[in-house]
Structures are given as structure tokens and as C-alpha cells.
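Here the structure is laid out as C-alpha cells; the discussion comes afterwards.
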Amino acid sequence: MLPLSEPLASAILISPWVTMATDSDSFTKNQDVDIVTAKIAKYWGDLAMGLGTTQNEAACGRYHAEALLAPEDWWKGLEGAVKFVGITAGRHETLVDHILELDKKIRAQGGTRFELFVGEKEVHDGPCLDFSTGRPASEVTLTMARWLGECFTS
């Protein structure tokens, strides 16, 4: 672990990919509207992690590749690393169910302040789509900007 002289002010997780699993209801329900389908998730996972990597990580008690598999006590002491964690998701993204599950799990550790924002009209990675396409800032992007402003002024 990287030694810190004090906790980071914030960490913002934008539509985090927290498991390689594609078995959630949101994968089924949103696969026709989101850019991340089960087939794409498997392909990207294999490219990014290599076959078998996530199982090996979990077997060693390291959950960096699949944070959703980590037991609640794995998150203990997070307040020593970061004061605030903001998590965003889109209601119409395939990953939303897993993101909500992770949010619930890591909140249980206490210490670090958490805020979750789910954009009702968003798919995966809304803020990046805003910036890359030049579309007006979405609710998720505006919420993320507010969080960053609050963290840097507090």
C-alpha cells in the first residue's frame, strides 16, 4: 500500500466496473440500451485482466480486480486512505445493480463519507460521454462536479 501522510480528499468512481459477472437483472434489462453488453464485458475483462486473473486475486485475498467479491471487513480502514467516496451510475446501464451492491457493502465499513448518485436517464459512463460528444452536462456530471468542488474547498 502506498503510504499517505494524510487521507486523500476524495475518490470519484464513475460507473465502476466492480465484477466480471454479468448475471444481474440490470445486464438483462439494459443490454439493448447500454454500450456495455455481457459479450463486450467478457471480452474487455479477458483483455484487461487475462483469463483466470480475478479468481487468482480473490484466492489470495486481493480484490482489486473484483471489488464486489471482497468481504465487508476488507474495506476497514478506508478512512485512512480517503475522506470521501462518490459513486455514480446510470439507471440504464448494465452495471448498475452491481454498483448498488458494492455501495451498500462498502458503506457498512464506516469511517469514510460516501455518496451515491444514479442518473435516471443515463447509461454507462455518462460524464465521459458528455465531454467526448460535447453534449450538455448531465445530472451525473453536475453532481460529480459539485462533489469535487466540495472536496477541494473543505
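Every read-out reported here was derived from the displayed coordinates using simple, explicitly stated rules and does not represent laboratory data. Keep in mind it's a predicted model, so treat the numbers as computed, not measured. Every residue, glycine among them, receives a Cβ derived from its backbone with ideal geometry; neighbour counts consider all protein chains shown.
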Over 19 Å (Cα to Cα) among 83/121; 76/104; 42/76; 39/105 -> 83/121; 42/76; 39/105
Taking a straight Cα-to-Cα line shorter than 15 Å from residue 29, and setting aside same-chain aspartates and glutamates fewer than 8 residues away, one finds 93, 97, 120, 122
For residue 11, the residues 5 or more places away or on another chain with a placed amide H closer than 5 Å to its own amide H are 84, 85, 86
Whole-Å distance linking the alpha carbon centroid of the stretch 58-120 with that of the stretch 1-35 is 8 Å
Residue-ordered couplings for the stretch 27-43, obtained by feeding phi - 60° into the Karplus form 6.51 cos²θ - 1.76 cosθ + 1.60 and rounding to whole Hz (Gly and Pro as x), are 5, 5, 5, 9, 5, 8, 10, 8, 7, 9, 9, 4, 5, 5, 4, 5, 4
The size of the Cβ-based charge dipole (Lys, Arg +1; Asp, Glu -1) of the chain about the Cα centre, to the nearest 20 debye, is 180 debye
Simple spin-label estimate for residue 120/residue 5, 7 Å along Cα→Cβ, in nm, reads 4.6 nm
Cβ density ranking, 10 Å radius, fewest first, applied to 43, 63 yields 43, 63
Taking max minus min of the Cα coordinates of the stretch 25-154 on each principal axis, largest first, gives extents in Å of 44, 41, 23
In terms of the charge dipole of the stretch 92-154, which places +1 on Lys and Arg and -1 on Asp and Glu at the beta carbon, the residue among 144, 99, 154 farthest towards the positive end is 154
